[in-house]
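Chemist: Can you keep this structure in mind? I'll have questions shortly.
The values are calculated or read from the model by the stated rules, or taken from the named source; none is laboratory data. Here the structure is a predicted model, which is why all the values come from computation and not from measurement. Neighbour counts are summed over all protein chains in view; Cβ atoms, including those assigned to glycine, are modelled from backbone coordinates with ideal geometry. We work out accessible area using only protein heavy atoms, side chains counted, and drop any ligands, DNA or RNA first. Shrake-Rupley method; radii C 1.70, N 1.55, O 1.52, S 1.80 Å.
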Amino acid sequence: ILGFSTPPGRLSMMAFILNALTCALALLYFIRRGKQCLDFTVTVHFFHLLGCWVYNSRFPATLTWWLVHVVCTALMAAIGEYLCMRIELREIPLSSAPKSNV
């Protein structure tokens, strides 16, 4: 069903891309470590590959399927890592109490 020539194919590809963006936000919420974003992203897409293989009873062989998933993996990892690094690089407040003049 994935393809550039049909409206359902384009809609499916857009759904995969939106899913990658929302999963990048999930990485921010659940993982919170920039170094682990790529590992979790590849793991999620690997399990998706296994699920597609079992569900269809054959290994995905179309070029558009692989292209869409490589792009989605790259988007999810890059955006997730960017968001996690923004959280990691925040300044750490040393105290919340005002300084006293002693």
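Chemist: Pairs please, first residue from the range 4-18 and loosely packed, with under 13 Cβ neighbours inside 10 Å, second anywhere and among the β-branched types (Val, Ile, Thr) and in a helix (DSSP H, G or I), Cβ atoms under 8 Å, 6+ apart in sequence or on different chains.
Modeler: If the second residue must be among the β-branched types (Val, Ile, Thr) and in a helix (DSSP H, G or I), the pairs left are 4/64.
Chemist: Another one. Among (1) open to solvent by 90 Å² or more (accessible area, probe 1.4 Å); (2) over 30 Å from residue 87 (Cβ atoms); (3) assigned to a loop (DSSP other than H, G, I, E, B), which single condition is residue 61 missing?
Modeler: So the condition that residue 61 fails would be (1).
Chemist: In the range 71-88, is there at least one residue being closer than 19 Å to residue 9 by Cα, open to solvent by 40 Å² or more (accessible area, probe 1.4 Å) and assigned to a helix (DSSP H, G or I)? Spell out how you get there, then give the answer.
Modeler: So in the range 71-88, the residues closer than 19 Å to residue 9 by Cα come out as 71-73.
Now narrow it down to the ones that are open to solvent by 40 Å² or more (accessible area, probe 1.4 Å): 71.
Then drop every residue that is not assigned to a helix (DSSP H, G or I), which leaves 71.
Yes, that holds for at least one residue.
Chemist: Has the range 24-32 got at least one residue that is of a type outside the set (A, V, I, L, M), in contact (Cβ under 8 Å) with a residue 24 or more places away in the chain and surrounded by fewer than 17 Cβ atoms within 10 Å (Cβ to Cβ)? Spell out how you get there, then give the answer.
Modeler: Within the range 24-32, the first condition is being of a type outside the set (A, V, I, L, M), and the residues that meet it are 29-30, 32.
Applying the additional criterion that residues be in contact (Cβ under 8 Å) with a residue 24 or more places away in the chain yields 32.
Then drop every residue that is not surrounded by fewer than 17 Cβ atoms within 10 Å (Cβ to Cβ), which leaves 32.
Yes: the range 24-32 contains one or more residues that are of a type outside the set (A, V, I, L, M), in contact (Cβ under 8 Å) with a residue 24 or more places away in the chain and surrounded by fewer than 17 Cβ atoms within 10 Å (Cβ to Cβ).
Chemist: For the range 41-51, give me each residue that is free of Cβ contacts under 8 Å to residues at least 12 places away in the same chain and open to solvent by less than 90 Å² (accessible area, probe 1.4 Å). Lay out the reasoning, then the answer.
Modeler: If we filter the range 41-51 for residues that are free of Cβ contacts under 8 Å to residues at least 12 places away in the same chain, which is where we start, we get 43, 46-47, 50-51.
43, 50, 51 - these are the residues of the range 41-51 that are free of Cβ contacts under 8 Å to residues at least 12 places away in the same chain and open to solvent by less than 90 Å² (accessible area, probe 1.4 Å).
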